[in-house]
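Shown next, in C-alpha cells, is the structure this report addresses.
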Amino acid sequence: MVAVREGWRGLVEPIFEDLGPAQVSGILPRGGTIIGTSRTNPFKLEAVDKVLQNFSDRGLDALVAIGGEDTLGVAARLYAEHQLPVVGVPKTIDNDLSGTDYTFGFDTAVSIATEAIDRLHTTAESHNRVMVVEVMGRHTGWIAVMSGIAGGADVILVPEIPLDFEEVAEAIRKRHAHGKNFSIVVVSEGCELPGLADAEERDQFGHVILSKRGVGDALGREIEQRTGYETRVTVLGHVQRGGSPTARDRLLATRFGLKAADLALGGEFGQMAALQGDDVVAVPLAEATAELKVVPREWYDVARAFFG
Ligand code: F6P
C-alpha cells in the first residue's frame, strides 16, 4: 500500500511513500493528516493525463480519496470520465457532502466551537458585551447552527437563511429589554451580508478565501452601531480544524476506513462510504458530490426558538 502525498498533487507530480502498519501506528488521536493535503485540482491544471499515467505507472489497483466536496468531486469525475478505480471517504469539518448524515472532522470542529462559545460567555457576562463568533463551514452553516445551539447562542446566522442586520439588532435589543445585558452571536463565514464584497483571492476550485471577507467584523460593527452595545468579535479560524479528534470522529473515521477497504477489495468503485442513521453504507460519489448538503429549515428552527 502506498500513500499518495498531498491530495491530488501527489498524483500529478507524483509524490508517493510507503504506507503500512509502521506509518499508521499511533495516529488515532492525531488530528489533520500524516500524508499532507493541498487544494490541487487536476482538471483546472489540465493534468488529468498525468494523474492517470502516474496511477498506472505505479501499478496501483485502487485509490481511496479522502476529503470534502473538492477532493471527492475530482474523484467522482475521474471515475465517471476516465474509469479510475476510486472509492471515497467523506472527511470535512463543513459536513456539507450529500448522501451521508455526517462527515468526520465535523464533530471535532463543533466541539471546539462550542467550547469557545462557553468561554466567550465569561467576558460577555462580566463586561456586558455582545460577543460575535465567526466559525468556518464555507457555504453551509452546519458548524454555526450546531455549535450555536450547543453553546446557547442568542442569534445564529447561516448562509442558507439570510437575516438582515435589523433582525439581528432587534433580537439583541429584545434580550436586553428582558434584563439580559450580554449576547452571543454566532455567524458562519459564508454568510452574505449587505455591503460585504467577496474577497478576490480564489483557490484552484474557484472558492474565495472566506476568512478574508471579514463577516464577523462587519456584523460586529453593525450590531454596535445599531444597538449601542459594546461588541467584540472572535474569528475561530483554524483552531476549529486542529488538535485531537473527538471519540465520535475517531469512530466514524475508523468505520468509514473499513468500508472503503471493503469497497476497494470488492471492486465497487465510484462509491463513497457514508453514514445513514447508524449504518455505514455505500453511496455513489456522483450523488454525494452533486450538490451541497445544506442546513434544513427544521434545524435552523431549533436554533431560532432560542433567539433573543
Ligand atoms: O473546507 C474546510 C475549510 O476549513 C472551510 O470551512 C474553510 O472555509 C476553508 O476550509 C479554509 O481553507 P484554508 O485552510 O485553505 O484557508
Any residue in region 180-191 that's in the same structural domain as residue 154 (by TED's automatic domain parsing) and on the phi < 0 side of the Ramachandran plot: show its pairings with residues that are of a type in the set (S, T, N, Q) and away from the ligand (no atom under 16 Å from the Cβ) at Cβ separation under 7 Å, as long as the two are six or more apart or on different chains.
181/128; 182/128
Within region 241-254, residues being surrounded by fewer than 16 Cβ atoms within 10 Å (Cβ to Cβ) and assigned to a helix (DSSP H, G or I) number 4
Any residue in region 58-83 that is among the aliphatic types (A, V, I, L, M) sitting within a Cβ distance under 6 Å of a residue that is away from the ligand (no atom under 16 Å from the Cβ) and part of a loop (DSSP other than H, G, I, E, B)? List the pairs, counting only those 6 or more apart or interchain.
62/85; 78/84
Criterion violated by residue 149 - all others in (1) surrounded by fewer than 18 Cβ atoms within 10 Å (Cβ to Cβ); (2) of a type in the set (Val, Ile, Thr); (3) closer than 18 Å to residue 305 by Cα satisfied
(1)
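Residue by residue, here is whether (1) of a type in the set (D, E, K, R); (2) touching a strand residue (DSSP E or B) at 6+ places or on another chain (Cβ under 7 Å); (3) free of Cβ contacts under 8 Å to residues at least 24 places away in the same chain holds:
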{"site": "100", "(1), (2), (3)": "no, yes, no"}
{"site": "108", "(1), (2), (3)": "no, no, no"}
{"site": "125", "(1), (2), (3)": "yes, no, no"}
{"site": "128", "(1), (2), (3)": "no, no, no"}
{"site": "139", "(1), (2), (3)": "no, no, no"}
{"site": "150", "(1), (2), (3)": "no, no, no"}
{"site": "154", "(1), (2), (3)": "yes, yes, no"}
Somewhere in region 179-191, is a residue loosely packed, with under 14 Cβ neighbours inside 10 Å, touching a Pro at 6+ places or on another chain (Cβ under 7 Å), closer than 30 Å to residue 71 by Cβ and not hydrophobic (A, V, I, L, M, F, W, C)?
no
Run down 60, 84 and say which single residue is out of contact with any Phe, Trp or Tyr (no Cβ under 7 Å at 6 or more places or on another chain), among the hydrophobic types (A, V, I, L, M, F, W, C) and farther than 25 Å from residue 215 by Cα.
60
Among the residues of region 122-177, write down those that are among the small types (Gly, Ala, Ser), away from the ligand (no atom under 16 Å from the Cβ) and at pLDDT 95 or above.
124, 126, 150, 151, 152, 153, 169, 171
Could you figure out which of (1) touching an Asp or Glu at 6+ places or on another chain (Cβ under 7 Å); (2) away from the ligand (no atom under 16 Å from the Cβ) isn't true of residue 180?
(1)
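If the requirement is being surrounded by 18 or more Cβ atoms within 10 Å (Cβ to Cβ), without any contact (Cβ under 8 Å) to a residue 60 or more places away in the chain and not in a strand (DSSP E or B), which of these qualifies: 298, 222?
The match here is 222.
The values are calculated or read from the model by the stated rules, or taken from the named source; none is laboratory data. This is a predicted model, so every value here is computed, not measured. Don't worry about glycine lacking a Cβ; one is built from the backbone with ideal geometry, like all the others, and counts go over all protein chains shown.
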